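The values are calculated or read from the model by the stated rules, or taken from the named source; none is laboratory data. Predicted model, so just to flag it, every value in this text is computed and none were measured. When we count neighbours, we look across all protein chains shown, and the Cβ atoms used for this are built from the backbone with ideal geometry, even at glycine. Calculation scope for accessible area: heavy atoms of the full protein, side chains included, ligands and nucleic acids excluded. Shrake-Rupley method; radii C 1.70, N 1.55, O 1.52, S 1.80 Å.
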Amino acid sequence: MTPNSRRTFLFQLAAGAATLGLGRFALAEEAKPALDPNDAYAKAMGFVVNTADADAAKFPKHSTDQSCVNCQLYSGADGAELGPCSFFGGRQVPPTGWCRNHKPKGAPA
Ligand code: SF4
């Protein structure tokens with residue numbers, strides 16, 4: 001191996017290692033924490049962990065068939081205990097939850 005090809009080989013090795021490192025970093029993007037129902041903004045949006053606990057007086061259009069699992073903004077996996085809600089910046093919400101921004105799946109955004 002000539003010094004030039006050795007240098008090229010070492011450079012490619014380092015570049016490959018760096019690429020693998022970046023790939024691992026991207027895959028390791030951590031899930032956001034669970035949304036705290038006592039968070040001021042969550043409260044303002046009427047967020048509850050269980051849709052049955054929504055304030056009927058404040059949110060007369062709410063119905064118990066509305067929950068995070070059937071909201072367009074929820075992207076949790078089937079059967080997951082929590083899933084990200086894009087409305088709350090990816091914070092985790094339970095499929096049973098609800099907030100006043102509920103958007104039924106299939107409805108225009
Ligand atoms: S926007 Fe949808 S998924 Fe997010 S908390 Fe409200 S009802 Fe649940």
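Just name the residue that is nearest to residue 106 (Cα to Cα) out of those in segment 51-68 that are open to solvent by 70 Å² or more (accessible area, probe 1.4 Å) and out of contact with any His (no Cβ under 7 Å at 6 or more places or on another chain). Quick ask: steps written out before the conclusion?
In the first step, residues of segment 51-68 are kept if they are open to solvent by 70 Å² or more (accessible area, probe 1.4 Å); the result is 53, 56-58, 60-61, 64-65.
Those still in the list that are out of contact with any His (no Cβ under 7 Å at 6 or more places or on another chain) too: 53, 57-58, 60-61, 64-65.
Values: 53: 25, 57: 27, 58: 25, 60: 22, 61: 18, 64: 18, 65: 15 Å.
Per the stated criteria, the residue is 65.
Contact map, segment 61-83: first residue farther than 8 Å from residue 95 by Cα, second residue among the aromatic types (Phe, Trp, Tyr), Cβ cut-off under 8 Å, separation 6 or more or different chains; pairs are 62/98; 66/98; 73/87. Screening 59, 87 for residues that are under 12 Å from the mean Cα position of the chain (by Cα) and in a loop (DSSP other than H, G, I, E, B) leaves exactly one candidate, 87.
Tallying residues that are hydrophobic (A, V, I, L, M, F, W, C) and in contact with a helix residue (DSSP H, G or I) (Cβ under 8 Å, 6 or more places away or on another chain) within segment 69-98 yields 4. Mind checking whether some residue in segment 67-78 is under 17 Å from residue 41 (Cα atoms) and assigned to a loop (DSSP other than H, G, I, E, B)? Yes, segment 67-78 contains at least one residue that is under 17 Å from residue 41 (Cα atoms) and assigned to a loop (DSSP other than H, G, I, E, B). Of the residues making up segment 44-60, those that are more than 9 Å from the ligand (Cβ to nearest atom), among the small types (Gly, Ala, Ser) and in contact (Cβ under 8 Å) with a residue 24 or more places away in the chain number 1. Per the conditions (1) at pLDDT 95 or above; (2) over 17 Å from the mean Cα position of the chain (by Cα), the sole criterion not satisfied by residue 1 is (1).
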